[in-house]
Structures are given as C-alpha cells and as structure tokens.
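Just below is one structure, and these are the notes that go with it.
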C-alpha cells in the first residue's frame, strides 16, 4: 500500500485542483504529436469526414432471418472497417448504466485521502486499486488521468476487499453490470465467429470461455487540464483485450486513428462504445481491426470513462491466427504468443521506439 503523502504527489487530480497554470514537463507530449491535438469540443462538432459507426442491436436476435442477418452484417462490417462502434439497444437498461456511472463518479468525488485507502502498488505488481500512471517507457511521459482498476468477472476471481465501500451500492451495481456485459460479450463473439465462417461458439472458446475470460474494469478519471493542447488523457494505443466495452459521462475525448487521420467519436446517449482488441485481431488474422486510439482532455469539464477489458488468460492459451483464417494468399500476420507474451512484446517495442526516436 502506497502512503498517501507519496501517492498524492502523483495524483493528477491534486495537480489539477492546485490551480497550476502550466502543466509539468513530463505531461507534455512530443512535438510531433502536438500538431494533431485540437480542441475536443470543436472536434466533436465536425460533421464532415468519417464518423464512428453506430450499430443498433435491437434486431440482433430477430425471428425474421433477413432482419437478423442484416443487423449482424452491419456489426461485422464495422468490426472489419473500424474495429470500434457505438452499440445502442444493447439490452442493458439505461437505469443500470446510470447507476454504474453514479457509483464510479461518487467514488472519485471522495477526498483524495479517502481514495488513497484503495491505492495500488504498481512497483510490487499489485495493479488493482486506485492509481495514476507511472512512467513505463523510456520517455518518462505521463498521462493526464487517475484511475480505479479491478477485476469484475468471473465472480469467484474478484477481490472484493479492494472494491470501494463508498458509495454503498458500488459493489451491487458494478457486479450486475459485469454480469450483463459478460452475456453481451458472448453474443458479440458469436456474431464475429459466424462472420469469419466459424461455428458460433468458436471465438469465445479461443479466448477462454465462461470460466477463463477475465473482465477487468478501469474507471478513468480525467481532471480539467490547464493546457489541454499539450497533454493527453491516454496516449495512442491499441487495446490488448479480445473486446473492450466503454461507458462515459458524455464529455467527448475518445479519438480514433482512421485512414490516416484522428477522428473524434461523438457522444451517443445510452450507448456503449465497443472496441475490437488485439486478441480478436490476431485470431482473425487481421480481418477484424484493433484500432489505434487515444483520449483528449479539456480545461472545462472532468471526463470519466468506464472501460471493461475482456481478456483471455495470461498463459493458458496460445494466441495465433486461426487455421480457417489463413491461406496461401493470406499467410499468418502474427506469430504465436501467449497473452502475457503479447503484452511484453508491446511494452518492449514501445520502449525501443522511444529510445530510437531520442537518438534520431
């Protein structure tokens, strides 16, 4: 457990509320990135150019085969073209979504000293709990966010001792949301399986099935930033997960790198944003995309997002393109690796890229 005096110095919320007019240099992005960081509110208003697709799941299980297939085809196409989409009519009630958001917001509204009781200790490998990013690359750069991270499903693998006790309904609403998301993940994976010409349950089996697929929730808290044109809430990355589901508090910030340009996602009421992660990109041999994305910050509003990463077990499964996705004209694009090896490969490559850019 990190002592509050040490940890508080690392909290972006403390920095933001201290009234600083300029951000510390470790939060300033490299020059080549700064040219692409604009005002997120202006960016969200843009009507020209590509837009993140919205997929209406209302007819996903329609008894009318033509209607059902049309809906499923749209989802598959969004996974092929974008690898990210807004899901509406997803079957999870607006009330539950609101209660999840209220509970997470209430935790972050607690005094920092209170939140520090849940602090993680990244140095010792204990990543669950309340934290801020430590520099994990050679540049020493930091992101403008604090977070709360914990495993939410399967239920027998959770550590409820680190879950917030305040607000009182945090465990109840978060557990129910995780259960319903897990069912939604099964549905999505079965559609993506069929889209590859596989049997319905295949992708789910390949990522660990009901027993082994882990749902990890990360509540991202992006405080107001006095110089949002210099910082990022989350730097550009692809998700390592199979699927990622995201809620947010209707403050824009998510950007996707699509066809060579950064596209700002609109805020779609009652939607869940869904990303295809690296795991599914690998299994599909690149047919489904894991899109590069990042988070912008602003000086007017706090942004909060709730990301749930559906991750395969770290060591039990070898991730590689499924045989059915490979042919003479489509050789495997990815070498066999465990999920853990894939994470290590990405961290190593990022560190090497940073070192090389410093030498140039």
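Based on DSSP H segments of at least four residues, each scored -39500 (n - 2.57), the chain has a per-residue ellipticity at 222 nm of -10000 deg cm²/dmol. The Cα center of the range 11-65 and the Cα center of the range 225-244 differ in position by 8 Å. Pairs of Cα atoms nearer than 8 Å and 6+ residues apart set the relative contact order; for the range 255-360 it is 23 percent. Given R0 = 35 Å, the distance between the Cβ atoms of residue 261 and residue 112 translates into a calculated FRET efficiency of 0.40.
Summarising the label geometry, the points placed 7 Å from Cα in the beta-carbon direction at residue 61 and residue 329 lie 3.8 nm from one another. The packing ranking, built from the mean of other Cβ atoms within 10 Å per residue, places the peptides 308-317, 40-49 in the order 308-317, 40-49, highest first. Here the gap between residue 350 and residue 18, fully extended at 0.36 nm per residue and compared with their Cα-Cα distance, gives a gain of 116.3 nm.
Extension gain, residue 96-residue 227: 0.36 nm per intervening residue step, less the Cα-Cα distance, totals 43.7 nm. Relative intensity of the chain on a log10 scale, I(q)/I(0) at q = 0.11, 0.12, 0.13 Å⁻¹, equals -0.77, -0.93, -1.11, per a Debye sum over C-alpha point scatterers of equal strength in the absence of solvent.
Only Cα pairs under 8 Å and 6+ residues apart enter the sum, and on that basis the relative contact order of the range 4-359 stands at 21 percent. Starting from the Cα gyration tensor of the range 117-273, take the square roots of the eigenvalues, sort them a ≥ b ≥ c, and report rounded, prolate or oblate (rounded when a/c is under 1.5, otherwise prolate if a/b is larger than b/c, else oblate). Taking the square roots of the gyration eigenvalues as a ≥ b ≥ c, the range 117-273 is oblate.
From the alpha carbon centroid of the range 290-343 to that of the range 157-202 is 17 Å. Between residue 70 and residue 48, full extension at 0.36 nm per residue minus the direct alpha carbon distance yields a gain of 5.3 nm. Normalised by the number of residues in the range 151-240, what is the relative contact order in percent for Cα pairs under 8 Å and 6+ residues apart? 31 percent.
Taking every DSSP beta bridge with both residues inside the chain, roughly what % is antiparallel (nearest 5)? If I count the DSSP bridges inside the chain, around 90 percent turn out antiparallel. Measure off 7 Å from each Cα along the Cα-to-Cβ vector at residue 172 and residue 26, then give the distance between these two points in nanometres to one decimal. So the label points at residue 172 and residue 26 sit 4.1 nm apart.
Every read-out reported here was derived from the displayed coordinates using simple, explicitly stated rules and does not represent laboratory data. Fair warning: this is a prediction, and the values are worked out from it, not measured in the lab. Cβ atoms come from the backbone with ideal geometry, glycine included; neighbour counts cover every protein chain shown.
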